[in-house]
1. Across region 100-134, what is the number of residues that are without any contact (Cβ under 8 Å) to a residue 12 or more places away in the chain and touching a strand residue (DSSP E or B) at 6+ places or on another chain (Cβ under 8 Å)?
2. Is there a residue being surrounded by fewer than 18 Cβ atoms within 10 Å (Cβ to Cβ), at pLDDT below 90 and in a helix (DSSP H, G or I) anywhere in region 10-32?
3. Suppose we keep only residues that are within 30 Å of residue 89 (Cβ to Cβ), without any contact (Cβ under 8 Å) to a residue 40 or more places away in the chain and in a loop (DSSP other than H, G, I, E, B) within region 136-169. Which one would you say is nearest to the chain's Cα centre (by Cα)?
4. Among the numbered conditions (1) buried (at least 19 other Cβ atoms within 10 Å of the Cβ); (2) on the phi > 0 side of the Ramachandran plot, tell me where residue 107 comes up short.
5. Going by what's in this entry, would residue 95 be described as touching a helix residue (DSSP H, G or I) at 6+ places or on another chain (Cβ under 8 Å) and in a helix (DSSP H, G or I)?
6. What's the number of the only condition in (1) in a helix (DSSP H, G or I); (2) under 19 Å from residue 100 (Cβ atoms); (3) modelled with pLDDT of 95 or more that residue 40 fails to meet?
7. Looking at (1) surrounded by 15 or more Cβ atoms within 10 Å (Cβ to Cβ); (2) within 28 Å of residue 24 (Cβ to Cβ); (3) in contact (Cβ under 8 Å) with a residue 24 or more places away in the chain; (4) touching a helix residue (DSSP H, G or I) at 6+ places or on another chain (Cβ under 8 Å), which is the only condition residue 59 fails?
8. When the residues of region 64-90 are filtered to those that are free of Cβ contacts under 8 Å to residues at least 12 places away in the same chain and assigned to a helix (DSSP H, G or I), which remaining residue is surrounded by the most Cβ atoms within 10 Å (Cβ to Cβ)?
């Protein structure tokens with residue numbers, strides 16, 4: 001699948017088959033994400049693949065309502081950004097980490113998997129951060145759900161290009 005097709009056809013999926021992606025496949029997706037552009041080659045992204053014990057800790061931190069949403073996909077990846085303490089570098093690095101997370105979604109889609117990027121509040125709490133090992137020098141970027149879709153998703157409406165693009169003189 002070419003990049004344009006991947007971008008135009010990737011959808012958010014919230015219903016998955018129960019099988020987890022195997023370790024090598026997840027590692028392969030994350031290896032490609034390392035190629036995201038980043039200023040000064042800081043490699044600020046960190047990925048944590050959530051295993052069964054970490055998932056139980058995270059569900060406990062999330063409470064009953066939040067825990068149910070964590071069961072949607074069989075494979076969960078926490079993406080974070082290591083902060084350096086310099087406001088400009090931290091902003092650049094945060095955006096680079098977000099691009100790396102999106103690369104995971106695009107490559108997964110190109111390989112026939114489904115994905116879903118969430119930013120649940122539990123991963124901004126002390127208990128949630130602790131559940132997945134986020135350190136004090138890291139900023140949570142997203143929780144990427146991965147698996148095999150069990151539903152089809154329609155293309156969402158997008159704003160016309162004229163509403164979001166302006167050519168400046």
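The values are calculated or read from the model by the stated rules, or taken from the named source; none is laboratory data. Keep in mind it's a predicted model, so treat the numbers as computed, not measured. When we count neighbours, we look across all protein chains shown, and the Cβ atoms used for this are built from the backbone with ideal geometry, even at glycine.
1. Qualifying residue count for the region: 1.
2. No, region 10-32 contains no residue that is surrounded by fewer than 18 Cβ atoms within 10 Å (Cβ to Cβ), at pLDDT below 90 and in a helix (DSSP H, G or I).
3. Step by step, filter region 136-169, then rank; the result is 136.
4. (2)
5. When the stated conditions are applied, residue 95 does not pass them.
6. The one condition residue 40 does not meet is (3).
7. The number of the failed condition is (3).
8. Selected residue: 67.
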